[in-house]
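Comments concern the structure below.
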Amino acid sequence: MLSEEQMRNLLRATADHDIENDKRQHDYTYIEREEQHNLDGKGRVKSTEVRTSEVLMIYGEQVQRLIAKNDKPLSAKDAEKEEKKIQKIIDKREHESDKDREKRLAKEEKDREDGRKFVLEVADAYNFHFLGTENLEGRETYVIDAEPRSGFQPKMKYANILPKFRFRAWIDKDDFQWSKLDALCIDTVSFGLFLARIHKGTRIVLEQTRVNDEVWLPKHLDLKVDARIALLKNFNMDMDTTYRDYKKFRTDTKIVGVGEVQQPSAQSPQ
């Protein structure tokens with residue numbers, strides 16, 4: 001049984017562990033399959049679009065290369081367009097000045113620290129209820145419910161959205177990583193002076209998996225969105241994203257250009 005303070009400290013511990021995990025994620029490539037169902041006003045599927053991408057790491061930057069649409073290989077024209085996009089990024093990094101590189105790395109480090117601070121705000125924004133433990137993929141997790149806490153005063157720019165969500169979290173007992181998160185929007189969330197709104201009922205379910213006994217990587221994302229963009233167009237959709245074929249990228253592998261093959265190291269995916 002965890003006390004309220006122990007659960008807050010557990011959330012704070014995940015913030016620190018996530019920084020190191022984020023750095024290890026940059027050693028991996030994988031396949032992402034995104035299936036989007038566009039819905040009508042009654043929740044019926046109007047259309048479906050499937051996009052499959054290879055997630056690459058190029059000079060430390062995570063880049064997506066589209067490899068299939070609706071589970072069919074790209075046309076020659078579209079494949080060429082994707083290769084040109086990748087080549088453009090490679091060329092940019094190859095000619096990057098020391099000053100620009102330092103600036104980019106400093107921004108990446110700041111983004112990591114901002115992510116850590118945001119999770120620390122999560123620890124302060126909610127009242128927690130301990131539900132017990134649950135085994136996920138052979139690993140023990142703490143299961144915690146979180147309800148918005150009255151009187152929460154956000155410190156970060158976007159932390160003001162936290163009271164608009166409630167969530168249930170599964171946190172790995174050994175690694176202090178988020179194994180699963182199920183979040184529900186309980187009030188309208190507005191961005192950019194009401195240019196965009198996410199409506200009550202939007203739901204996010206994220207699952208992660210431990211790979212090669214060293215890193216946590218995305219496994220499954222289920223997103224049900226009811227939103228309005230620029231107060232003009234409503235978006236009502238379900239998006240189901242799966243991740244697979246994790247491969248560790250060798251640090252000694254040469255970044256190559258169009259027409260060559262970039263070989264990851266042979267690491268067994270989980």
task = Scan Asp22, Asp40, Asp16 and give me the residue that is among the charged types (D, E, K, R), at pLDDT below 95, surrounded by 16 or more Cβ atoms within 10 Å (Cβ to Cβ) and out of contact with any Pro (no Cβ under 7 Å at 6 or more places or on another chain).
result = Asp22
Strands (runs of 3 or more DSSP E) wholly inside the range 89-195 containing at least 2 residues that are at pLDDT below 90 and over 14 Å from Met7 (Cβ atoms) = 189-191
note = Residues of the range 70-88 being not in a helix (DSSP H, G or I) and not hydrophobic (A, V, I, L, M, F, W, C), in sequence order, are Asn70, Asp71, Lys72, Pro73, Ser75
request  = Out of the residues in the range 7-57 that are over 21 Å from Asn212 (Cα atoms) and hydrophobic (A, V, I, L, M, F, W, C), state the one that is farthest from the chain's Cα centre (by Cα).
outcome  = Val45
task = Sort out which residues of the range 196-213 are assigned to a loop (DSSP other than H, G, I, E, B) and either among the basic types (Lys, Arg) or within 19 Å of Ile31 (Cα to Cα) (or both), and write them in order of number.
result = Lys200, Asn212
task = State whether one or more residues within the range 153-175 are surrounded by 14 or more Cβ atoms within 10 Å (Cβ to Cβ), under 21 Å from the mean Cα position of the chain (by Cα) and on the phi > 0 side of the Ramachandran plot.
result = no
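Any residue that is closer than 30 Å to Lys117 by Cβ, of a type outside the set (A, V, I, L, M) and not in a strand (DSSP E or B) - is there at least one of those in the range 47-66? Walk me through how you get there before you give the answer.
Step one: of the range 47-66, the residues closer than 30 Å to Lys117 by Cβ are 53, 55-64.
Applying the additional criterion that residues be of a type outside the set (A, V, I, L, M) yields 53, 59-62, 64.
Now restrict to residues that are not in a strand (DSSP E or B): 59-60.
The answer is yes, given that some residue of the range 47-66 is closer than 30 Å to Lys117 by Cβ, of a type outside the set (A, V, I, L, M) and not in a strand (DSSP E or B).
The values are calculated or read from the model by the stated rules, or taken from the named source; none is laboratory data. Quick caveat, the model's predicted, so the values are computed rather than measured. Glycine also receives a Cβ, built like all others from the backbone with ideal geometry; neighbour counts cover every protein chain displayed.
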